[in-house]
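J.: Encoded as structure tokens, here's the structure I'll be asking about.
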Amino acid sequence: MSKLRGAIVVDTNRCKGCALCVEACPKDVIAMAKKVNVNGYPYVEAVSQDNCIGCASCGIVCPDGCITVYKLKTTTEKV
């Protein structure tokens, strides 16, 4: 049996730290990093990737298209 879960990748060098994705995430997967990128902007990062459901809310609201959302198929084995 397989199960879908989500995963996100943030292009931190393009992120301007608007935090719209942080607000949009229903599972609190994304948070502001305590660092800045090469352009001097604070950026977001996935802090609890295992909770991601792949809803893509973060990618939809990102005005700069910095977030890519993947849906991963995981298999669960019955023993």
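The values are calculated or read from the model by the stated rules, or taken from the named source; none is laboratory data. These figures come from a predicted structure and were not determined experimentally. Cβ atoms come from the backbone with ideal geometry, glycine included; neighbour counts cover every protein chain shown. Surface areas here come from the heavy atoms of the whole protein model, side chains and all, with no ligands, DNA or RNA. Shrake-Rupley method; radii C 1.70, N 1.55, O 1.52, S 1.80 Å.
J.: What would the Debye equation give as log₁₀ I(q)/I(0) for region 1-52 at q = 0.22, 0.26 Å⁻¹, counting only Cα atoms as equal point scatterers?
T.: One equal scatterer on each Cα of region 1-52 leads to -0.77, -0.99.
J.: Assigning unit charges at the beta carbon (Lys, Arg +1; Asp, Glu -1) and nothing else, what dipole magnitude in debye, to the nearest 20, does the chain show about its Cα centre?
T.: 200 debye
J.: Averaging sequence separations of C-alpha pairs under 8 Å and six or more residues apart, then dividing by the length of the chain, give the relative contact order as a whole percent.
T.: Across the chain, relative contact order equals 46 percent.
J.: Further, regarding this structure: For region 20-79, what is the Kirkwood hydrodynamic radius in Å, using each pair of distinct C-alpha atoms? Spell out each step's value before the answer.
T.: Numbers: mean 1/r = 0.0778 Å⁻¹.
It works out to 12.8 Å.
J.: Next question, about the same structure. Dipole of region 35-79 (Lys/Arg Cβ +1, Asp/Glu Cβ -1, origin at the Cα centre): which of Gly65, Asn37, Cys55 lies farthest to the positive side?
T.: Going by the Cα projections, it comes out as Cys55.
J.: Work out, step by step, the length gained on full extension between Ala56 and Val38: first 0.36 nm times the residue separation, then minus their alpha carbon distance; give nm to one decimal.
T.: So the chain would gain 3.9 nm between Ala56 and Val38.
J.: Kindly report the accessible area of the chain per residue (heavy atoms of protein chains, probe 1.4 Å, no ligands, DNA or RNA), in Å².
T.: Result: 68 Å² of accessible area for each residue.
J.: Would you mind counting up the charge near Ala7? Only other residues with Cβ under 14 Å from its Cβ, with Lys and Arg at +1 and Asp and Glu at -1.
T.: On the way: positive: Lys3, Arg5, Lys27, Lys71, Lys73; negative: Glu45, Asp50.
So the environment of Ala7 carries a net charge of +3.
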